[in-house]
Amino acid sequence: MIDYFERLSEEEQRRVKESIQLLYRQTFLLERKYDRKSKRYQMNREFYQCDKYLEFIRAYFAIMDIDVIENSQMGVIYIRGEQVVGEKLPRLATLYILVLKLLYDEQMAAVSSSVNVVTTLSEIHEKLGVYRLLKKQPSVTEIRRSLALLKRYQLLEPLDVLEELDGHSRMVIYPTVNVVLMGDDVRELLKSFSEGDTEDGESEI
């Protein structure tokens, strides 16, 4: 493995390091991301850079007992393992992830021509209301912070400026939500929150 790395040019070594750091920091790398300026999905250079050196990157992470998974159907490369320590998320961000998964599954069941789904902040809060998960109306600051965290982890992409946030604010739900939550996870979380658990706690992503 070391021999392979040393045979790479200085520029290629830099790219490999960059890919490893990105994966470890972000958990996910998407093949296509929405660009707000061009208003369309664009190929993600970081994904293809990682994919090019994927065999070496897998061997590198394997030393730490971390798996590097490539899901071509969803268009995502991600890391998984007990050594992957996620960031502590506030309760609202956790609730958003739960609802994003529900909305993603619903829309994908209706229209399966795309792996990306668009929703609005109102739809997210309406779904929280249906399941009685929102005990009180969150502040705009809390909402912005939660959405910014989920954007950082590439679970969603706001289509509108967060500073101008309102109920009509649109956002893309990325297929990475399927990696974070499976069907059984959703049911367990719904049960947990409905019983009042983790009222003021944090979860981990």
Using mean Cβ contacts within 10 Å as the protection proxy, how do 5-17, 69-81 order, highest first? 69-81, 5-17
Once the Cβ-Cβ distance between residue 35 and residue 122 is put in as r, and R0 is 22 Å, what FRET efficiency do you end up with, to the nearest 0.05? 0.35
Which cross-chain or sequence-distant (5 or more) residues have an amide H under 5 Å from the amide H of residue 117, H modelled 1.01 Å from N in plane? 173
In segment 1-108, what is the count of Lys pairs whose alpha carbons are under 29 Å apart, counting only pairs at least 8 residues apart or on separate chains? 12
Which FRET efficiency, nearest 0.05, do residue 43 and residue 72 yield, Cβ-Cβ r, R0 22 Å? 0.95
Please give the charge dipole size of segment 139-182, origin at the Cα centre, charges +1 on K and R Cβ atoms and -1 on D and E Cβ atoms. Round to the nearest 20 debye. 220 debye
Positive end of the charge dipole of segment 1-51 (Lys, Arg +1 and Asp, Glu -1 on Cβ, about the Cα centre): tell me which of 4, 30, 49 has its Cα farthest that way. 30
Residue by residue, what Karplus-based ³J(HN,Hα) values in Hz, rounded to whole numbers, does segment 157-173 have, using 6.51, -1.76 and 1.60 with θ = phi - 60° and x for Gly and Pro? 9, x, 8, 10, 5, 5, 5, 10, 5, 8, x, 8, 4, 9, 7, 7, 9
Would you mind putting 95-107, 133-145 in packing order, based on average other-beta-carbon counts within 10 Å, highest first? 95-107, 133-145
Ordered by residue, what ³J(HN,Hα) values in Hz, to whole numbers, does segment 58-69 give under the Karplus form 6.51 cos²θ - 1.76 cosθ + 1.60, where θ = phi - 60° and Gly and Pro are x? 4, 5, 5, 6, 4, 4, 9, 6, 10, 8, 10, 10
Describe numerically, in nm with one decimal, the distance between label points set 7 Å from Cα along Cα→Cβ at residue 6 and at residue 109. 5.6 nm
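What is the calculated FRET efficiency for residue 51 to residue 145, with r their C-beta to C-beta distance and R₀ = 22 Å, to the nearest 0.05?
After rounding to 0.05, the efficiency reads 0.10.
Values in this text are rule-based calculations from the coordinates and carry no lab data. This one's a predicted model, so the numbers in the text were calculated from it and none came from an experiment. So basically every Cβ, Gly included, is an ideal-geometry build from the backbone, and we count neighbours across all protein chains shown.
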